[in-house]
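Presented below is the structure to which this report refers.
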């Protein structure tokens, strides 16, 4: 794997680390299975690209993309809480609706912004090559996201949100507005995913209505791989694990697809993803089994 492919994998991994953070908030914190991310990722890209093309500055366009992602999360939460629609079905309904909305926003299936100013344009005067600038910007945004999310979850309201996901009945008994916490958490989750979509569009020079295909799988892979590598000892480590897991996942995919020994092609991406996620799911249980075996062996030796 050459330098360009390596830095490209780092860049995409950092961008999708924001998706991992969003999935972490919905799946792990709120215990809310959410497939809206497959629609809110291209939504962020579509809104940002459409606004940049119309002459809006990239930073305002990115903020608008985040706001639209938050609205998408609120719609899913509203369908679930107000009408009692199952989590997965509510998120699928929103995801399907967003496909048509994204087409309306862009006016076409894809929109090029390669010749338009982006948030990267503000840093071009630093004299850093674009090859290195993209990972630096993506990494900075990812680090800020991890710090803000972990700080929020450690606050009083964040603890209430975590209680909502862990035990809603007990949380309500303690005076927590569980519905409100769900609305806020889902808005934050999809806002982060939309931010990732906006960054992806600006760094790659286009937005496409099909960008969201498989986004939820990538987000879950980031969370699972990160947890397997770093664990969940604290909220900060847990949040950072999402970004680390995303980068490791992307590097593993790039290494597998660029390895002549394995003979894999770009069309094998889903197979590689399935294998990596399966390994990440097996690892924690395998480590526990090994520890148990070693403890038993030590106990037998001590008894003898």
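The values are calculated or read from the model by the stated rules, or taken from the named source; none is laboratory data. Quantities reported herein were computed from a predicted structural model and do not represent experimental measurements. Virtual Cβ from ideal backbone geometry, glycine too; neighbours counted across all protein chains shown.
Remarks
- The requirement of being closer than 17 Å to residue 225 by Cβ and either modelled with pLDDT under 95 or surrounded by 24 or more Cβ atoms within 10 Å (Cβ to Cβ) (or both) is not satisfied by residue 41.
- Here the range 199-221 is the region considered, the condition is being in a helix (DSSP H, G or I) and in contact with a strand residue (DSSP E or B) (Cβ under 9 Å, 6 or more places away or on another chain), and the residue that is surrounded by the fewest Cβ atoms within 10 Å (Cβ to Cβ) is 200.
- Of all residues in the range 146-161, those satisfying the criterion of being buried (at least 18 other Cβ atoms within 10 Å of the Cβ) and either over 18 Å from the mean Cα position of the chain (by Cα) or assigned to a loop (DSSP other than H, G, I, E, B) (or both) are 158, 160, 161.
- Out of 50, 115, one residue alone is surrounded by fewer than 18 Cβ atoms within 10 Å (Cβ to Cβ), closer than 19 Å to residue 197 by Cα and out of contact with any strand residue (DSSP E or B) (no Cβ under 6 Å at 6 or more places or on another chain). It is 115.
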